[in-house]
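Have a look at the structure below, then the notes.
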Amino acid sequence: MRMGPVSFAALITLLPFALSAQRNASVGVGAGSVRYAVGSSFSALTVSPAAQQLSPYAYLGASGAVSLLAGGVWAGQARADVWASLSRRERGIRPAISATMSASTRSDGVAAGSAAALMEAVAHRVALGAGVVSGVIEQEAGVAAFRVRGRTWWQLNSAPAQVSLTTEATRFLGAWYTDVVAGVTFDGSRTVGSLWLSGRLSKTYGSTGAASAALQYFLTPTVAVEASGGNYLRDPFQGLPRAGFVTGAIRVFAARRATMLRPAPMRAVLQPLVAAHRGGDTVVVRFRMPAAQSVAIAGNWNAWTPEPLHALGEAIWEAALRLPPGTYYFNLVVDGKEWVVPGGVATIPDGMGGLIAVLNVL
């Protein structure tokens, strides 16, 4: 029964896509190599499509890869991620659901799949959850396990980067193992990169670690070259061993990357936008939104995560942002459901027929 690594699309799952547009799709063509304890596999051709959609309270992502290996062997994998908040409120504890489904196969081996579903409580950039994870390998009995997870994330003020930390404890076949994953992602004008460190701790299954890095450089607003390398931990639910990998590809996007588009010469910024410094690197931004029950701001400095504004009265909403000098891009989210570009603010296309606003911090 052949259960060697099948994935040459590690870049898709390790490298976060820029979310300057609320939805995007892409396809990559490249090559790669995977090395594991008893051998290695080389792919001279890998085709890897991907798609994602983001709303203020939900995320949906899907990716896959088909690789041609030596001897005419084909290998494939697919993955889907879903996250959705079950509450539209912007403060306090919010319940959410998180689910992941993945599958792998190769023409000279067997197919396998796994799925995980967790309920989370989310508040102040911290999420705690619990649920189940299951896996099945062709011609073998399936398994299921209990999992608890805690994660946190925060945005760096000195750079367009985000740091995250996730801890997962899984009760697998009567024994516990714990995975700890720390990562940093960078989302610049032309460059998107990530670095991940992971470790597995278990008295029963042994302890091990892994590290990987990925880099994407945009040649044009819709074409990027990408590379990744490192290793990943064993997947007990699909029977995949620990392995190292190196990949390279060219990726074409359906939506243009907004941060590479030059805005038209800006005219004087009119009301309702009022921006002023409030000491240090704190910038106050105000908007006039008549009849709004709630207003949040989402931009490329906070991974397009809506953050609530404070109501000052008379339809004025205010946010205090810790931003160093530079140019930023944002939208407002009104009443938890409508993405809005405020009037009187310079804009650029978001690549999907809409607009995103431009904010300059001097």
Gly92 vs. criteria surrounded by fewer than 15 Cβ atoms within 10 Å (Cβ to Cβ) and either within 21 Å of the chain's Cα centre (by Cα) or in a loop (DSSP other than H, G, I, E, B) (or both): yes
Of the criteria (1) modelled with pLDDT of 85 or more; (2) touching a helix residue (DSSP H, G or I) at 6+ places or on another chain (Cβ under 7 Å), which one Ala21 fails: (1)
Selection from segment 317-331 of residues that are open to solvent by 30 Å² or more (accessible area, probe 1.4 Å), under 11 Å from Thr282 (Cβ atoms) and out of contact with any Lys or Arg (no Cβ under 7 Å at 6 or more places or on another chain): Arg322, Pro324
Candidates Arg256, Arg251 - the one that is modelled with pLDDT of 95 or more and of a type in the set (D, E, K, R): Arg251
All positions within segment 163-204 that are without any contact (Cβ under 8 Å) to a residue 40 or more places away in the chain, among the small types (Gly, Ala, Ser) and not in a strand (DSSP E or B): Gly174, Ser202
Lone unmet requirement of (1) in contact with a Ser or Thr (Cβ under 9 Å, 6 or more places away or on another chain); (2) surrounded by fewer than 20 Cβ atoms within 10 Å (Cβ to Cβ) for Ser67: (2)
Matching option when the condition is crowded, with 17+ Cβ neighbours inside 10 Å, touching a Lys or Arg at 6+ places or on another chain (Cβ under 7 Å) and of a type in the set (A, V, I, L, M, F, W, C), among Ala50, Ala75: Ala75
Residues that are within 18 Å of Val345 (Cβ to Cβ) and in a strand (DSSP E or B), drawn from segment 302-319: Glu307, Ile316, Trp317, Glu318, Ala319
Those residues of segment 134-162 which are modelled with pLDDT under 85, open to solvent by 60 Å² or more (accessible area, probe 1.4 Å) and either touching a Leu at 6+ places or on another chain (Cβ under 8 Å) or assigned to a strand (DSSP E or B) (or both), in sequence order: Trp154, Asn157
Condition check for Tyr177: surrounded by fewer than 19 Cβ atoms within 10 Å (Cβ to Cβ), over 19 Å from the mean Cα position of the chain (by Cα), over 19 Å from Asn24 (Cβ atoms) and not hydrophobic (A, V, I, L, M, F, W, C): no
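Yes or no, residue by residue, for (1) free of Cβ contacts under 8 Å to residues at least 60 places away in the same chain; (2) assigned to a strand (DSSP E or B); (3) open to solvent by 30 Å² or more (accessible area, probe 1.4 Å):
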{"position": "Glu226", "(1), (2), (3)": "no, yes, no"}
{"position": "Gly229", "(1), (2), (3)": "yes, yes, no"}
{"position": "Gln238", "(1), (2), (3)": "no, no, no"}
{"position": "Gly244", "(1), (2), (3)": "no, yes, no"}
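The values are calculated or read from the model by the stated rules, or taken from the named source; none is laboratory data. Just so it is clear, the structure is predicted and the values come from calculations on it, not from any experiment. Glycine also receives a Cβ, built like all others from the backbone with ideal geometry; neighbour counts cover every protein chain displayed. Side chains are part of the model used for accessible areas, which takes the heavy atoms of the whole protein and leaves out ligands, DNA and RNA. Shrake-Rupley method; radii C 1.70, N 1.55, O 1.52, S 1.80 Å.
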